[in-house]
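Step one of this worksheet: look at the structure below.
Read-outs: derived from the displayed coordinates by stated rules, not from any lab. Not measured: the values here are computed from a predicted model. As a convention, Cβ positions derive from the backbone with ideal geometry for all residues, glycine included, and neighbour counts pool all protein chains shown.
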Amino acid sequence: MSNTRFSGHCSTAADYSSVRDIVHDRVGRQWCLFIDRDGVINRQIVGDYVRSWADFEWLPGAASAIRTLLEWAPYVVVATNQQGISKGLMTAEDVTAIHRRIRAETGRNGLEINAFQVCPHLEDAHCSCRKPSPGLLLDWLGHHPEVDPALSVMIGDSRGDLELAQNVAATTGGCLGVHIGDARAPVSGIDVSFNSLHEFTLAVISAQEELH
Ligand SMILES: [Mg+2]
Ligand SMILES: [Zn+2]
């Protein structure tokens, strides 16, 4: 994509160096890349929800980034809180239809997003799957014993996503947190930070080229 915006913070040499390590440590391994949806893949709608495909807006470069990430990570899973379902603003089927479309538009060469893990519960329901609780990730990992759970990587734009990475790591022994956003959020749990999924993917590509 040529319309990448480099406003906001610039990723540091340390971020690129960390991505080199992330890529290097996972060569030939079975592991899963978990990606938050709203604010990472598509534009977040403040105060409302993406209720249908008409509300869905790709962030610049995100779709092509996912195609590239599918060629890197053996498994790619989207993990998203969608309490609008329990609020009755949309149905689980509406959300599934959006995810089917995301999967179709990012699939290439037989590779596609492996799963969409959705928490439909209200925040005050205190379920075990609403991020930052680790349920969405641990559930998927529990069904994939061939995957090394300690090599998990969680990409997200919110504090909750980074807390999630830490909560998963507490159980699995490892889960890196990749922060996406235009400001370096002052939260712990960030291993690397990039403006966009697109920019993170460029760092992955350059790390892969260095390895070859
Ligand atoms: Mg988000
Ligand atoms: Zn839940």
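Note on R67 and T171: their simple-model spin labels are 3.4 nm apart, each label 7 Å out from Cα toward Cβ.
Distances between placed amide hydrogens fall under 5 Å for D148 paired with Q30, W31, all partners being 5 or more residues away or on another chain.
Using only Cα atoms, figure out Rg for the chain and give it as a multiple of 2.2 N^0.38 Å.
Details: Rg = 16.1 Å, N = 212, 2.2 N^0.38 = 16.8 Å.
Working it through for the chain, the quotient is 0.96.
Put simply, the amide H of I155, placed in the peptide plane, has neighbours under 5 Å in F34, I35, D36, V178, leaving out anything fewer than 5 places away on its chain.
Take every Cα pair under 8 Å whose residues are at least 6 apart in sequence, average their separation, divide by the length of segment 19-169, and the relative contact order is 30 percent. Highest GNM mean-square fluctuation among R100, R130, R20, for the chain modelled with Cα contacts below 10 Å: R100.
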